[in-house]
Amino acid sequence: GDSVTQMEGPVTLSEEAFLTINCTYTATGYPSLFWYVQYPGEGLQLLLKATKADDKGSNKGFEATYRKETTSFHLEKGSVQVSDSAVYFCALSDYTGANSKLTFGKGITLSVRP
Amino acid sequence: NAGVTQTPKFQVLKTGQSMTLQCAQDMNHEYMSWYRQDPGMGLRLIHYSVGAGITDQGEVPNGYNVSRSTTEDFPLRLLSAAPSQTSVYFCASSSGPGVHGYTFGSGTRLTVV
C-alpha cells in the first residue's frame, strides 16, 4: 500500500538557518504530493503541492520538488523565522481508480529560536 | 466563507457513552474525510465519503460510524467510547484530493475517561 516516510524529529534551528525536511514515499500509481503545516492548537493547512514528476511546489519561501527517480519530496526553506515553528506533514494522494484519500507521514516538529 | 466547521472543539466523555462529532462544509465539496491525530502516529484515516450517500472505511474504522445524507454534512459517531479513542479528530473536505488536497477543520479534542 501507499506510505510516506518522514525524517525523525524534532528539529531545532536558529532564526535565518537553512531548513531541509526529508520525505520519501511508496505508491503503486502516480501520486500527487503535498506538504501540510500545523501551527499550535490549529488544524492542518496546505503549504504546497506538486502533481507530477519534476514539478516544484512553493509557498511562503518554502519549496519542494517532486523527484520520481528517488521517490522524494523534500521540503526546504532558505531562511527560517520564529513564526515557522510548527509541525510539518508530508502526504500523498494516489490517482489510481477513485482513490480519494490522503496518506500522511508521522509529522515533524520544527522549533525556531530567535 | 466558513470552510470546514467542526463542533464541539473540546469534549470529555465517560467510557461507554456515545456522541456525535459534527462536521459541515460550505464549499460544495464532494469528498470528505475524518482523521484522528495521535502523538507519534501522524494522521490516520477513519472514514471517508466521495459524495452524498457514499461512505467507506479508512485505516482505523472500528468503533466509529458515519453517514453522508447531504453534501454539506459528515458527522462521526462514537458508538461506545473507550479510552483508546482519546485523540484529536479532524474533518476535511475537497473538490478533488488528487489535485487540491484537503481543507481541514480546526479539530475536536476528545478525552475519554
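The values are calculated or read from the model by the stated rules, or taken from the named source; none is laboratory data. Predicted model, so just to flag it, every value in this text is computed and none were measured. We place every Cβ from the backbone using ideal geometry, glycine too, and count neighbours over all the protein chains shown. To get the accessible areas, we keep the full protein, side chains included, count just its heavy atoms, and leave off ligands, DNA and RNA. Shrake-Rupley method; radii C 1.70, N 1.55, O 1.52, S 1.80 Å.
Table: residues versus (1) in contact with a helix residue (DSSP H, G or I) (Cβ under 8 Å, 6 or more places away or on another chain); (2) part of a strand (DSSP E or B); (3) crowded, with 16+ Cβ neighbours inside 10 Å; (4) free of Cβ contacts under 8 Å to residues at least 40 places away in the same chain.
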| position | (1), (2), (3), (4) |
| --- | --- |
| A:VAL4 | no, yes, yes, no |
| A:THR24 | no, yes, yes, no |
| A:THR28 | no, no, no, no |
| A:LEU47 | no, yes, yes, no |
| A:SER83 | no, no, no, yes |
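Among all residues of region B:1-18, there is none that is farther than 22 Å from A:LEU48 by Cα, open to solvent by 50 Å² or more (accessible area, probe 1.4 Å), at pLDDT below 95 and in a loop (DSSP other than H, G, I, E, B). Filtering region A:87-107 to residues that are more than 8 Å from chain B (Cβ to nearest Cβ), modelled with pLDDT of 95 or more and open to solvent by less than 10 Å² (accessible area, probe 1.4 Å) leaves A:TYR88, A:CYS90.
Checking each residue in region B:74-87 for being assigned to a strand (DSSP E or B) and surrounded by 16 or more Cβ atoms within 10 Å (Cβ to Cβ) picks out B:LEU76, B:LEU78, B:SER87.
Within region A:30-45, the set of residues being closer than 19 Å to A:ASP2 by Cβ and open to solvent by 40 Å² or more (accessible area, probe 1.4 Å) comprises just one member, A:TYR30. May I ask you to list the residues in region A:45-71 that are within 15 Å of A:TYR30 (Cβ to Cβ) and not aromatic (Phe, Trp, Tyr)? The answer is A:LYS49, A:ALA50, A:THR51, A:LYS52, A:ALA53, A:ASP54, A:ASP55, A:ARG67, A:LYS68, A:GLU69, A:THR71. Identify all residues within region B:20-45 that are without any contact (Cβ under 8 Å) to a residue 40 or more places away in the chain and surrounded by 14 or more Cβ atoms within 10 Å (Cβ to Cβ); write none if there are none. Once the filter is applied, which keeps residues that are without any contact (Cβ under 8 Å) to a residue 40 or more places away in the chain and surrounded by 14 or more Cβ atoms within 10 Å (Cβ to Cβ), region B:20-45 yields B:GLY42, B:ARG44, B:LEU45. Hey, could you check region B:51-73 for residues that are open to solvent by 50 Å² or more (accessible area, probe 1.4 Å) and assigned to a strand (DSSP E or B) and say which is farthest from B:PRO97 (Cα to Cα)? Ranking the candidates gives B:ASN65 first.
Of the residues making up region A:66-78, one or more are in a strand (DSSP E or B), without any contact (Cβ under 8 Å) to a residue 24 or more places away in the chain and surrounded by 14 or more Cβ atoms within 10 Å (Cβ to Cβ). All told, B:GLN37 falls short of being more than 14 Å from chain A (Cβ to nearest Cβ) and either closer than 19 Å to A:CYS90 by Cβ or outside any loop (DSSP other than H, G, I, E, B) (or both). Residues in region B:95-106 that are surrounded by fewer than 23 Cβ atoms within 10 Å (Cβ to Cβ), outside any helix (DSSP H, G or I) and within 9 Å of another protein chain (Cβ to nearest Cβ): B:GLY96, B:THR103, B:SER106.
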